[in-house]
Structures are given as C-alpha cells and as structure tokens.
1. Yes or no: D223 of a type in the set (D, E, K, R), under 22 Å from G164 (Cβ atoms) and either in a helix (DSSP H, G or I) or in contact (Cβ under 8 Å) with a residue 60 or more places away in the chain (or both)?
2. Can you tell me how many residues in the range 172-201 are closer than 20 Å to P71 by Cβ and of a type outside the set (S, T, N, Q)?
3. Do any residues in the range 40-51 that are farther than 13 Å from A11 by Cβ and open to solvent by 20 Å² or more (accessible area, probe 1.4 Å) have Cβ atoms under 7 Å from those of residues that are of a type outside the set (G, A, S) and assigned to a loop (DSSP other than H, G, I, E, B), where the two are at least six apart or on different chains, and which pairs are they?
4. So which residues in the range 148-196 are assigned to a helix (DSSP H, G or I) and of a type in the set (S, T, Y), if there are any at all?
5. Any residue in the range 116-137 that is hydrophobic (A, V, I, L, M, F, W, C), open to solvent by 20 Å² or more (accessible area, probe 1.4 Å) and free of Cβ contacts under 8 Å to residues at least 24 places away in the same chain?
6. Residues of the range 209-226 being open to solvent by 10 Å² or more (accessible area, probe 1.4 Å) and small (G, A, S), which ones?
7. With (1) open to solvent by less than 70 Å² (accessible area, probe 1.4 Å); (2) in contact with a Lys or Arg (Cβ under 9 Å, 6 or more places away or on another chain); (3) at pLDDT below 95 as the list, and N90 as the residue in question, which single condition is left unmet?
8. Only one of A117, A74, A106 is among the small types (G, A, S), over 30 Å from A54 (Cα atoms) and at pLDDT 95 or above. Can you tell me which?
Amino acid sequence: MAADYTDIDIAPFIDHALLIPTATSKQVEQWCEEADRFHFAAVCVYPTYVKQAAELLHGKKPKVCTVIGFPTGATTSATKLYEAQEAVENGATELDVVINLGWLKAGNTDNVHQEIAEICEETGQTVKVILETNLLTDAEKRLAAEICMDAGAAFLKTSTGWNGAVTVEDVRLLKEVTQDRVGIKASGGIRTIDQALDLIMAGATRLGTSRSIDLLHQRHKLDKSE
C-alpha cells in the first residue's frame, strides 16, 4: 500500500526518540541537531535530559517531548504529576504519559481518568497518553481511548516500544474511536519507510521512532527508484 503514497513527507510526523537506558548527553545533542536539520516535529528524551534539549532547541521549530511514568505506568499519581510538572518547568512542551494499565484492567476507570486529567490541567501542555495497545484487548483500547480523550489528552499513543511493535490495525482502531478529535501517535518498532507510510495512511499524525534518519534514507532511495 505504501508505494502509492510516496509523495508524503514523513519528517514533520516524526518524534525523534532517544529512549534507550544508556542515552548520553552527547547523544541528546546529536538528536536535537538532527531534529532541527530535518524538521522533525519533536525530540523525545528522558526527563533528565529535558533541560539540555530545551536549551539546544530554544528558538527552533522542533518541540521538546519527554516521557512520564515510563515504561510501566505503575508509579503513583502524585509521582507522575510531579514528574510532569518538573519536566514542564525544565522546558518540555509535550508529555508522553503511560496510563496505569492495572487500574484499567481492574475497572478502576475513575482513577485512570483523574490521573490523566490532573496532569493535563496542572501542566497545561500537550499530553500524549500511552495506551500500550499490545497489552490490551480491543474493548480495553476503546475504553482507554474514550477515558483519555475525556480527560483532556491531545494525542493517543499506541506503545512504549517495550512490549511489542505498533500495528496498522491498532492505529485504524484508534482512528475509528477518535474520529479526528485528537491526534494519534504510532510508536514502537517502526523500522521501514513502507511501515511508516502505512501507519500514516491508517491515521497516525505522529510517528515515534529512534530510526528517524534511517527512515529518511530509505525514503530517499524510494524516491530515486521511481
């Protein structure tokens, strides 16, 4: 399918992610330089590197994104809120927050809603809620999507990448549920340009990936082969 949509510029969709445990300050510098050079939507780094990324990208187009409650979502609501507020104070304008999956599966939907709503209200920034779709049933995905949209989320994000890769089917499901009311961030295991284009055509408005430069190289080769 992707070959029919090769005119799509994927760079503005990309959240250039540096979320390996061994990430260094030097790599953050590289990721920020690449994001600015290739006009990516954002750089996504761990909270400890938010201040550095914000300084490097000051006055530039790419946004500074970080992860909250990552990767399990099982920290307390107070901890998540503090982590989110501190990240914003340090310069983050986008927060990728992992929901409490245990609460969702146990039916504690009020707790899930309250936690996300509080982060949205108290930070006033763009919140992308990570649903971790590979660990949910389709019914749970739909429920989580509705809860998070009602709580004020600006995006629904499929995955952390720690529990399997994103699927086109999950993006389509979220597209059906959201009806364009919020953005959809596809993330986890995006390795090929065909996969990236298929996810965009399915409804993804952002792509979270650490392979951004490789995807651009693949795209360049695809363009040359036409």
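1. Taking the combined requirement at face value, the residue does not satisfy it.
2. Qualifying residue count for the region: 8.
3. Partner pairs satisfying both residue conditions: Y46/L19; K51/N90.
4. T178
5. Checked the range 116-137: no residue is hydrophobic (A, V, I, L, M, F, W, C), open to solvent by 20 Å² or more (accessible area, probe 1.4 Å) and free of Cβ contacts under 8 Å to residues at least 24 places away in the same chain.
6. S210, S225
7. Just one mismatch for N90, condition (3).
8. Exactly one of A117, A74, A106 is among the small types (G, A, S), over 30 Å from A54 (Cα atoms) and at pLDDT 95 or above, namely A106.
The values are calculated or read from the model by the stated rules, or taken from the named source; none is laboratory data. Everything numeric here is computed off the predicted structure, so don't read it as measured data. Positions of Cβ are generated from backbone atoms using ideal geometry, with glycine treated the same way; all protein chains shown enter the neighbour counts. Please note that ligands, DNA and RNA were not included when accessible areas were found on the heavy atoms of the full protein model with its side chains. Shrake-Rupley method; radii C 1.70, N 1.55, O 1.52, S 1.80 Å.
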